[in-house]
Every structure is written in C-alpha cells, then in structure tokens.
Amino acid sequence: MTVSVLGVVLGVAYLPVLVWIGLGSALLVAYRRSGSTTVFRLAAVFLGSWAVLATSVLVWVLTNGGLPAVERLLSAPLTIFDDQFLRIWLIGTVGAFLVFLAAFLLNQLVGRGFLLVLRPRELPWPRRLPRPAAPVRLFVFDSLRSDAFTFTLLERGGAGAPHRVDVILVSEGLLQQLSGPEWESVLAHELGHIRELDGRYLTFFRTLARMMRWDPVLAYLANALTRREEYRADLDAVELTGRPRALARALFKALQLPPGSPRGLPSLLGAGGRRGRRETVARIRRLVALAESGRFPEDVGG
C-alpha cells in the first residue's frame, strides 16, 4: 500500500514533465502521419522548447559540480525546477536564444555565400509548372555534381520592411543529366519544400542541431524530420506532376557521379554518406511503388 501511495505521489510530482514529454511525442507522431503545416510548426516549437531545456540542463550540470550533478539529477529530476535555480533557467533560455540567433544568422550567411561564391545565373520558370504565389528565384550554377537545394533569405522590401524570398539552386551537372520531365519533377520536389516552409524551419533546425552537439535528442529529431520531409516533398512532386517514375529516374541519375566530380551525395538526396544512399534507394522504391499502384498515369521515356 505504501509503495502504491508513493507511486501516486511521484506520478503527480512528475506530471508536468510527463505531460510535456507526452505532448512533444504526440506532436511528432502526428507529424509523421500528417502533412499539415500547422503540425509541423507545432513540432518545430516543441524542438525549440526542447533546445531551451537541454541548454538549461547543461548550464545546471556545469554550475553544480559536473558528474555529481548528473547523478543528483538522475535520482531527482525535478530538482532543476526549484525556485533557487530560476537564474539557471534564465541563463539557459538566453543561451538557447543566442544559439537560435547564431543558427539563423549562419543560415542567412551561408545562403548569401552560395549566391556570392557560386555566381549562379537565373533560369526561366518551366511553363508546365505553376509558379508559387510567394517570391521564388530559380538559379543554376556551374558544377559537375548533381545538386539541387532550397533555402530562404530575408531581403529588404521597397518600404524597408524585410520579406522572405525562397531560392532554388540547381547545378549544371544535374540539368545535363535530366530529361524535361525529370527536371520538372526535381523542381516540383523543391517546390514541395518551399510550400511546407522547410527552408524556414527545417534548415534552421538542422543547423541548430549541428551547433548543439551536446544534445543528441535534438540531432535525432532533426534527422527524423529531415527524412520525413524528403518523403513528403517526393509525394508533393508526384501529386503536382503525376510522374513518380520521372522523379525516381532523377534520383537514380543523381546517385551516379560523373568522372572527375567530387565525392559525396548531392543535397537533392537529403543526407550524405552511406545513410544518404540508403535513404535515396528507399525513396526510389517508394516512387516506383507509387507508379505501379495505378494512382498516377505511367510516365515512360524522358
């Protein structure tokens, strides 16, 4: 009986933490089963709050003795929520905000660096694809690699107010490898990322996860969201073009590096190294299965 009462007491004491973890888990599960932008934004907010918690815990551990503090926290997790540690939470929140700001500025710097270093030229928009209402600029740059990626920049408007501009960069090597339908499918895939705000949220959280290397949970969640968004952008491209095989062929061609080109996987594939190749093969199989399902007209040839 005493054990049961103790269990109830501990359950009530840990209720806020359990509710918070349960809410975050529910959001991520809902996101895996839904293409809703709202769910994605809520999941992004959860990841942001998780980053604040991870930073605050790190500050608390460092200021309370290191390893002994970890042991103390494992035995009594709610200790960190004591009023006396309010200053720790303030420092952790400010620290997380500074990391957020640094990640945002780094994203902007990298994006502008791409345009400055690569010196891309603007491409005409394909007539068979609808141009999105939001400002989008399409560029091609000289490279043997098969690259295609999207990012968002803040630019000053006519009245001085900042506005977002989505940029799609593709390599000359990719364009040379692809037929017309394949190129349109790749562009439709990138439009899927823009439509679901990946350039604003997902790119930011990937950068944040790289900067916050002390938090493996954030890195895992950012990778999981990246994988999910690549699958969703593939589906968006298929819905827009009706050509699952064209995108599958484009992904397969992107895996074939031309002689003399740098090693590594293109950004189109969503990840690098062996894991990136495995993910790409899985995506190709999903696209072929969609083509064979009868939901979309067969797209043959190039």
| query | Out of all the residues in the stretch 284-300, is one or more at pLDDT 80 or above, assigned to a helix (DSSP H, G or I) and closer than 19 Å to ASP147 by Cα? | reply | yes
| said: Quick test for you: out of PHE149, PHE139, PHE104, PHE97, pick the one residue that is touching a Phe, Trp or Tyr at 6+ places or on another chain (Cβ under 8 Å), surrounded by 14 or more Cβ atoms within 10 Å (Cβ to Cβ) and either over 30 Å from SER49 (Cβ atoms) or not polar (S, T, N, Q) (or both). | reply: PHE104
| message | When you scan the stretch 183-203, do you find a residue that is farther than 20 Å from ARG249 by Cα, part of a helix (DSSP H, G or I), under 13 Å from the mean Cα position of the chain (by Cα) and at pLDDT 75 or above, even just one? | response | yes
| field | Pairs where the first residue, in the stretch 65-80, is in contact (Cβ under 8 Å) with a residue 40 or more places away in the chain and the second is part of a helix (DSSP H, G or I), C-beta under 9 Å, 6+ apart | value | PRO77/VAL17; LEU78/ALA13; LEU78/PRO16; LEU78/VAL17
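Yes/no matrix, rows are residues, columns are (1) within 18 Å of the chain's Cα centre (by Cα); (2) more than 21 Å from GLY180 (Cβ to Cβ):
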| site | (1), (2) |
| --- | --- |
| VAL110 | yes, yes |
| GLU122 | no, no |
| ARG131 | no, no |
| PRO135 | no, yes |
| GLU155 | no, yes |
| PRO162 | no, yes |
| ASP166 | yes, yes |
| field | Any chance THR63 is at pLDDT 80 or above, among the hydroxyl-bearing types (Ser, Thr, Tyr), farther than 28 Å from ARG195 by Cα and over 19 Å from the mean Cα position of the chain (by Cα) | value | yes
| Flag if LEU235 is more than 22 Å from ARG145 (Cβ to Cβ), at pLDDT 85 or above and not charged (D, E, K, R) | yes
| task | Using the structure shown, decide if LEU58 is without any contact (Cβ under 8 Å) to a residue 24 or more places away in the chain and either more than 30 Å from ILE194 (Cα to Cα) or out of contact with any Gly (no Cβ under 7 Å at 6 or more places or on another chain) (or both). | result | no
| Among the residues of the stretch 152-172, how many are under 25 Å from THR226 (Cβ atoms), at pLDDT 85 or above and either in contact with an Asp or Glu (Cβ under 8 Å, 6 or more places away or on another chain) or surrounded by fewer than 21 Cβ atoms within 10 Å (Cβ to Cβ) (or both)? | 6
| Looking at the stretch 82-129, which of its residues are of a type in the set (Phe, Trp, Tyr) and free of Cβ contacts under 8 Å to residues at least 60 places away in the same chain? | PHE85, TRP89, PHE97, PHE114, TRP125
| field | The listed residue being closer than 23 Å to LEU235 by Cβ and of a type in the set (D, E, K, R), out of ARG156, ARG112, ARG121, ARG128 | value | ARG128
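The values are calculated or read from the model by the stated rules, or taken from the named source; none is laboratory data. Predicted, not measured: the structure shown is a model, and the values here were computed from it. Using ideal geometry, Cβ is built from the backbone for each residue, glycine included, and neighbour counts are taken over all protein chains shown.
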